[in-house]
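Participant: Dropping a structure here in C-alpha cells format, bear with me for questions.
Any read-out appearing in this document is the output of simple, stated calculations on the displayed coordinates, not a laboratory observation. Since the model is a prediction, treat every value here as computed from it, not as a measurement. Because the Cβ atoms are built from the backbone with ideal geometry, glycine has one as well, and the counts that use them run over all protein chains shown.
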Amino acid sequence: MSVRIRLKRFGTKHRPYYRIVVTDSRNPRDGRTLEEVGFYHPIEIAEKQISVQEDRIREWLGKGARPSDTVRKLLNNINFRIA
C-alpha cells in the first residue's frame, strides 16, 4: 500500500476549500482517507490560508508517506522542511 499526503477538495464552484489528508494512493481524490492533517483555503488572506498538524505530518512522513507535488509546495511555503 502506497500512502500519500494530498489534497481533498471541498467547497463550491469558484470557491474551493481543501483538506490535507493522508490516504492510500489508489483511492479517488475525494474518497476515503486515513487521517486529516490540515487544511488549505486559497481564497482567505495569507495568514489564514493554510493550517497543518506538523507533528502528525512528520509522523506519517516517518512511516513512509509521500506528499503530492502540490502539498510539497504548500509545506515549503510555510517553511516546513521535508527531509
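Participant: Given an 8 Å cut-off on Cα distances and at least 6 residues of separation, report the relative contact order of the chain as a percent. Intermediate results must be reported in sequence, preceding the final value.
Facilitator: On the way: 128 pairs, mean separation 23.2, N = 83.
Normalised by residue count, the contact order of the chain is 28 percent.
Participant: Rank these for me by crowding, R32, R4, going from fewest to most other beta carbons within 10 Å.
Facilitator: On the way: R32 9, R4 18.
Starting with the residue having the fewest Cβ neighbours, the order is R32, R4.
Participant: Same structure again: Assigning unit charges at the beta carbon (Lys, Arg +1; Asp, Glu -1) and nothing else, what dipole magnitude in debye, to the nearest 20, does the chain show about its Cα centre?
Facilitator: Working: 18 positive and 10 negative charges, 71 e Å.
Using only the charged Cβ atoms, the result is roughly 340 debye.
Participant: To the nearest 0.05, how large is the calculated FRET efficiency for D55 and F10 if R₀ is 35 Å and r is the Cβ-Cβ distance? Intermediate values should be presented prior to the final figure.
Facilitator: On the way: r = 24 Å, r/R0 = 0.68.
The value I calculate is 0.90.
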